[in-house]
Amino acid sequence: MKLIGEKGVQRIFLAIAFSAITALALIALFIMAEGLPFIFSYGPGKFLLASDWQPHLGKFGIFPMIVASLWVTLGAMLIGAPLGVAGAIFLTEFCPRPVMRVVKPTIELLAGIPSVVYGFMGVMVLAPLIRAQWGGPGLSVLAGAVILGIMILPTVISISIDSLLAVPQTYREGSLALGATVWQTTRMVTLVAARSGIAASVILAMGRAVGETMAVIMVAGNAVKLPSGPLDSVRTLTANIALEMSYATGMHRQALFATGVVLFVAVMILNYLASTAIKRGAGGK
């Protein structure tokens, strides 16, 4: 380090940082260059709002897959967001700190489990249970939502815990000194102060759910149709790309890249909303 000097070290880290940004920019440019011309030539309205996905006939409507992605993602958020936030509140406000220091890393380990393992458990356990209890094929919107709801728990819990721990202890002490109970303090003081970080955790988890592929392929059923209920089989945008890219050519391949553009824009919007929520919280403090 002495031979390089402080300026040299700064330049090295700057180059590493810019290499990551450059890689992201190249990926974005490649996807846009491959997908946008098809969207404009085929027609944005026809591509996004048509319900016929029949590549061999030149029909590339992705509306059923957009709706399926929304259904599965919203279902996952209805399951994972309340459980994750409730778990974070319990671990930070009601659980002894030594226990929390053990449980939090254990929950974060769930993020390291390959998604195919979640999908396998969904196929072997969850789908037969849904089929036996409520009917339908089992591989459905409900199965995908439950699996994704479990998969996003580490994201919601970890970021929410960090946000709750960042609330100054004096806030809690002041509330308790005024006669509020622990739950009243948590609900009216701590959660209000940490709301931006909790909102960011939910938005980032939504981005994870939108972009998940393998587990959804295994448990959602992969039927290209508009879902009429949670027990219907569906195909999401990510699943469509993964299933058909290996053999797609010509306009079919371009349509899949265009689908990637839609996903890319959706995830970027979610990430922007999350960063905005975090910045507002930091500014408020």
With Cα atoms, 0 to 90° folded angle of helix 5-42 axis to the chain main axis: 40
With N set to the residue count of the chain, report its C-alpha Rg divided by 2.2 N^0.38 Å to two decimal places. 1.19
Taking the chain as a Gaussian network, Cα atoms linked when under 10 Å apart, which of Gly260, Gly179, Gly58 shows the biggest mean-square fluctuation? Gly179
Classify region 80-121: rounded, prolate or oblate, from the alpha-carbon gyration tensor (a ≥ b ≥ c, eigenvalue square roots; a/c under 1.5 rounded; otherwise prolate if a/b is larger than b/c)? oblate
Measure nothing but the geometry: give the 0 to 90° angle between the long axis through the Cα atoms of 63-89 and the longest principal axis through the Cα atoms of the chain, rounded to 10°. 20
Summing -39500 (n - 2.57) over the DSSP H runs of n ≥ 4 in the chain and dividing by its residue number, what mean residue ellipticity at 222 nm do you reach, to the nearest 500 deg cm²/dmol? -23000 deg cm²/dmol
Contour excess over end-to-end distance, with Cα ends at Tyr272 and Leu243 and 0.36 nm allotted per residue: 7.6 nm
At a 10 angstrom cut-off on C-beta neighbours, averaged per residue, how do the peptides 120-131, 9-20 rank from highest to lowest? 120-131, 9-20
Efficiency of FRET between Val265 and Leu14 - r from beta-carbon atoms, R0 41 angstrom, step 0.05: 0.90
How many percent of the alpha carbon pairs in region 78-172 exceed a separation of 15 Å? 65
Given a cut-off of under 8 Å on Cα pairs at least six residues apart, what relative contact order in percent is computed for the chain? 27
Please find, in a Gaussian network model of the chain (springs between Cα atoms separated by less than 10 Å), the residue of Tyr42, Tyr247, Tyr118 whose mean-square fluctuation is greatest. Tyr247
In degrees, nearest ten, helix 250-284 long axis to first principal axis of the chain (Cα): 10
Can you give me the C-alpha center-to-center distance between region 176-190 and region 75-111, rounded to a whole angstrom? 20
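Read the figures in this text as sums done on the coordinates, not as results from a lab. Every value quoted in this text rests on a predicted model; they were computed, and no experiment measured them. Positions of Cβ are backbone-derived with ideal geometry, glycine not excepted, and every protein chain shown enters the neighbour counts.
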